[in-house]
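As C-alpha coordinates, the structure follows; a few thoughts come after it.
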Amino acid sequence: MGTRLKVLSVFKTLHRTRMAVFKEDERALTAARFQINEEFRKNKNETSEENIQKMIKMSSAVETILRQSVVQMEHVGEDKLLLRPREGLFLENVPYCDEPRKKS
(Lines give C-alpha, C1' and ligand atoms only; values in the text may rest on other atoms or scores of the structure.)
Protein backbone atom coordinates (compact mmCIF):
# COMPACT_ATOMS: atom_id res chain seq x y z
CA MET A 1 0.00 0.00 0.00
CA GLY A 2 1.37 3.41 -0.93
CA THR A 3 2.13 6.07 1.65
CA ARG A 4 -0.73 8.33 0.53
CA LEU A 5 -3.19 5.45 0.91
CA LYS A 6 -1.85 4.63 4.38
CA VAL A 7 -2.24 8.25 5.46
CA LEU A 8 -5.77 8.42 4.06
CA SER A 9 -6.64 5.10 5.69
CA VAL A 10 -5.48 6.16 9.16
CA PHE A 11 -7.25 9.53 8.71
CA LYS A 12 -10.54 7.78 7.91
CA THR A 13 -10.06 5.27 10.74
CA LEU A 14 -9.53 8.09 13.24
CA HIS A 15 -12.74 9.77 12.10
CA ARG A 16 -14.73 6.51 12.29
CA THR A 17 -13.41 5.91 15.80
CA ARG A 18 -14.26 9.50 16.76
CA MET A 19 -17.83 8.94 15.59
CA ALA A 20 -18.19 5.77 17.67
CA VAL A 21 -16.43 7.01 20.80
CA PHE A 22 -18.17 10.39 21.05
CA LYS A 23 -21.56 9.31 19.70
CA GLU A 24 -24.36 11.75 20.65
CA ASP A 25 -21.88 14.30 22.09
CA GLU A 26 -21.82 17.08 19.51
CA ARG A 27 -19.27 19.18 21.38
CA ALA A 28 -16.77 16.32 21.67
CA LEU A 29 -17.43 15.21 18.07
CA THR A 30 -16.71 18.72 16.79
CA ALA A 31 -13.60 19.18 18.93
CA ALA A 32 -12.18 15.80 17.90
CA ARG A 33 -12.93 16.46 14.22
CA PHE A 34 -11.19 19.82 14.43
CA GLN A 35 -8.13 18.32 16.17
CA ILE A 36 -7.77 15.43 13.72
CA ASN A 37 -8.16 17.69 10.68
CA GLU A 38 -5.79 20.30 12.10
CA GLU A 39 -3.03 17.78 12.83
CA PHE A 40 -3.25 16.27 9.34
CA ARG A 41 -3.44 19.72 7.70
CA LYS A 42 -0.42 20.91 9.69
CA ASN A 43 1.68 18.02 8.34
CA LYS A 44 0.31 17.78 4.79
CA ASN A 45 3.53 19.11 3.22
CA GLU A 46 5.81 16.61 4.98
CA THR A 47 8.06 14.85 2.47
CA SER A 48 10.33 12.75 4.68
CA GLU A 49 9.20 9.12 4.39
CA GLU A 50 10.63 8.40 7.84
CA ASN A 51 8.65 11.23 9.47
CA ILE A 52 5.49 10.24 7.64
CA GLN A 53 5.83 6.65 8.90
CA LYS A 54 6.32 7.94 12.47
CA MET A 55 3.18 10.07 12.17
CA ILE A 56 1.19 7.13 10.77
CA LYS A 57 2.34 5.02 13.72
CA MET A 58 1.41 7.79 16.18
CA SER A 59 -2.02 8.21 14.57
CA SER A 60 -2.68 4.49 14.85
CA ALA A 61 -1.67 4.55 18.51
CA VAL A 62 -4.01 7.48 19.18
CA GLU A 63 -6.86 5.63 17.47
CA THR A 64 -6.22 2.56 19.64
CA ILE A 65 -6.21 4.63 22.83
CA LEU A 66 -9.45 6.36 21.84
CA ARG A 67 -11.13 3.06 20.98
CA GLN A 68 -9.97 1.16 24.08
CA SER A 69 -9.75 3.78 26.83
CA VAL A 70 -12.32 6.55 26.37
CA VAL A 71 -15.68 6.09 28.09
CA GLN A 72 -18.58 8.53 27.86
CA MET A 73 -20.18 9.86 31.02
CA GLU A 74 -23.12 12.16 31.44
CA HIS A 75 -24.11 14.35 34.39
CA VAL A 76 -27.54 13.21 35.58
CA GLY A 77 -27.67 15.01 38.89
CA GLU A 78 -25.78 17.22 41.29
CA ASP A 79 -23.25 14.54 42.13
CA LYS A 80 -24.16 11.67 39.83
CA LEU A 81 -22.72 10.52 36.53
CA LEU A 82 -24.20 8.04 34.10
CA LEU A 83 -21.61 5.76 32.51
CA ARG A 84 -22.32 4.95 28.85
CA PRO A 85 -19.86 2.22 27.83
CA ARG A 86 -19.66 1.09 24.23
CA GLU A 87 -20.25 -2.54 23.36
CA GLY A 88 -17.00 -4.46 23.37
CA LEU A 89 -15.28 -2.10 25.80
CA PHE A 90 -15.50 -4.45 28.76
CA LEU A 91 -13.66 -7.72 28.43
CA GLU A 92 -15.01 -9.60 31.43
CA ASN A 93 -17.90 -9.29 33.80
CA VAL A 94 -16.09 -9.22 37.13
CA PRO A 95 -17.66 -7.30 40.01
CA TYR A 96 -15.59 -4.48 41.47
CA CYS A 97 -14.15 -5.04 44.93
CA ASP A 98 -12.27 -2.49 47.06
CA GLU A 99 -10.22 -5.17 48.75
CA PRO A 100 -8.04 -7.65 46.92
CA ARG A 101 -9.11 -11.28 46.98
CA LYS A 102 -7.49 -13.44 49.58
CA LYS A 103 -5.62 -16.45 48.27
CA SER A 104 -6.85 -19.75 49.69
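Looking at the P(r) of the chain, how many percent of alpha-carbon pairs lie beyond 24 Å?
Working: 2264 of 5356 pairs.
For the chain, the fraction of Cα-Cα distances above 24 Å is 42 percent.
Within a straight-line Cα-Cα reach of under 12 Å, residue 54 can be paired with the following aspartates and glutamates, leaving aside sequence neighbours fewer than 8 residues apart in one chain: 46. Listed by chain and number, the lysines whose alpha-carbon sits under 25 Å from that of residue 80, ignoring those within fewer than 8 places in the same chain, are 23.
By how many nm would the segment from residue 72 to residue 50 lengthen if fully extended, with 0.36 nm per residue of separation less the alpha-carbon distance?
Numbers: separation 22, 0.36 × 22 = 7.92 nm, distance 3.54 nm.
Computed gain between residue 72 and residue 50 is 4.4 nm.
Could you work out the mean projected area of the convex hull around the alpha carbons of the range 14-61, in square nanometres to one decimal? Over every viewing direction, the Cα hull of the range 14-61 projects on average to 3.4 nm². Probing with 1.4 Å while keeping every protein chain in the model, the per residue accessible area of the chain equals 87 Å².
The values are calculated or read from the model by the stated rules, or taken from the named source; none is laboratory data. Since the model is a prediction, treat every value here as computed from it, not as a measurement. For accessibility, only protein heavy atoms count, side chains too; no ligands or nucleic acids. Shrake-Rupley method; radii C 1.70, N 1.55, O 1.52, S 1.80 Å.
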